[in-house]
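The block underneath contains the structure these notes are about, expressed in structure tokens.
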Amino acid sequence: MNTKQIQRFVVSYLESKNCQFIEKAPAGVTVKLSPDADRALSNRPYYWSFVDRTGTPPETMTYRWSFDNPAMSDRMNASPVSYVMTESGRIIQEDVYFGSRRLHQLFDVVQQDGRCVTLFEEPPRGRLDPLASQPYTAWLGANFKVGYECDMKREELYQWGISLATGVIDERFMDKLKDRRMTPRLPSNVHLLKNGFSLRKE
């Protein structure tokens, strides 16, 4: 991953968790974490257990993450974390680059949170009959990696869709989803058809 890809990944994660951006710059961001992001990233289990027990409004942490890739000598000599005191409180500064501890933590958090998601296609706008209910069939989208090992090693990524109504496998499923608008909530005037295929069915 290059610097721009890392920055896009980190910013999209923070936006998905409704974090408050204090400053966005080409080389970094300053962000106040949302409670969900703070629980995942700040490593403060005792604080969060206190908040849960007492019902106290949480005070989340503020980070300044720089995406400039420091030289190897700078990484070895400098501390990975530094602190800056401002009028609004303490800001934790870190370099986020490929191989950094913070980026690995973000990868792990995203992997744990995103192993399984449920999304629905948004129906086209301006339908003739807004009171009619549109039937939806369920698909299971699966991403998996296959590794080949012999005298040379090769890995391939597959993204398949399996219809839970018929059991048909679509090998271009993810390509078809790119052009469709998806939402985590079931749209209005939509009903789900009964699945004819399940994981237990052979």
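Starting from the Cα of Lys153, draw a straight line to each of the lysines and keep only those under 28 Å, dropping any in the same chain fewer than 8 residues away.
Hits, sequence-local ones excluded: Lys145.
Between Ile92 and Ala132, take the C-beta separation as r, use R0 = 45 Å, and let me know the FRET efficiency to the nearest 0.05.
Details: r = 53 Å, r/R0 = 1.18.
The pair Ile92/Ala132 has a calculated efficiency of 0.25.
In nm, what is the difference between 0.36 nm times the number of residues separating Leu157 and Ser16 and their Cα-Cα distance?
Length gained between Leu157 and Ser16: 48.3 nm.
Roll a 1.4 angstrom probe over the protein heavy atoms and tell me the percent of accessible area of the chain that is carbon or sulfur.
Using a 1.4 Å probe with all protein chains present, the chain comes out at 53 percent carbon and sulfur.
Based on the mean of other Cβ atoms within 10 Å per residue, sort peptides 139-151, 53-65 so the most packed one is first.
The peptides rank, most packed first, as 53-65, 139-151.
Which value in deg cm²/dmol, rounded to the nearest 500, describes the helix-derived mean residue ellipticity at 222 nm for the chain, given -39,500 (n - 2.57) per DSSP H run of n ≥ 4 and division by the residue count?
-7500 deg cm²/dmol
Please work out the C-alpha center-to-center distance from the range 146-195 to the range 9-59 and express it in whole Å.
31 Å
Could you size up the charge dipole of the chain around its Cα centre, putting +1 on the beta carbon of Lys and Arg and -1 on that of Asp and Glu, and report it in debye to the nearest 20? Write out the running numbers ahead of the final one.
Values: 28 positive and 25 negative charges, 75 e Å.
It works out to roughly 360 debye.
Using a cut-off of 15 Å between beta-carbons, work out the net charge of the residues near Thr60 (Lys and Arg +1, Asp and Glu -1, Thr60 not included). Let's see the in-between values first.
On the way: positive: Lys17, Lys32, Arg39, Arg44, Arg64, Arg90; negative: Asp36, Asp38, Asp52, Glu59.
Around Thr60, the charge tally is +2.
If you roll a 1.4 Å probe over the heavy atoms of the protein chains, what accessible area per residue do you get for the chain, in Å²?
Result: 73 Å² per residue.
Where Lys and Arg each count +1 and Asp and Glu each count -1, what net charge lies around Tyr158 among other residues with Cβ under 14 Å from its Cβ?
-2
Which cross-chain or sequence-distant (5 or more) residues have an amide H under 5 Å from the amide H of Arg181, H modelled 1.01 Å from N in plane?
So Arg181 has HN proximity to Glu122.
Ordered by packing density, taken as the mean number of other Cβ atoms within 10 Å over each peptide's residues, highest first, how do 156-169, 8-21, 183-196 rank?
Output ranking for 156-169, 8-21, 183-196: 8-21, 156-169, 183-196.
For the chain, return all DSSP H helices satisfying: extent of Cα atoms along own axis at least 15 Å; mean Kyte-Doolittle hydropathy at least 1.6.
None clear 15 Å together with a mean of 1.6.
Between Asp113, Asp52, Asp36, find the one with the highest GNM mean-square fluctuation for the chain; connect C-alpha pairs within less than 10 Å.
Asp52
What's the FRET efficiency of Phe197 with Cys150 using the Cβ-Cβ distance as r and R₀ = 25 Å, to the nearest 0.05?
0.10
The values are calculated or read from the model by the stated rules, or taken from the named source; none is laboratory data. Everything quoted here is computed from the prediction, not taken from an experiment. Quick reminder, even Gly has a Cβ in these numbers, built from the backbone with ideal geometry, and neighbours come from all protein chains shown. When the accessible area is computed, the model is the full protein with side chains, heavy atoms only, and any ligands, DNA or RNA have been set aside. Shrake-Rupley method; radii C 1.70, N 1.55, O 1.52, S 1.80 Å.
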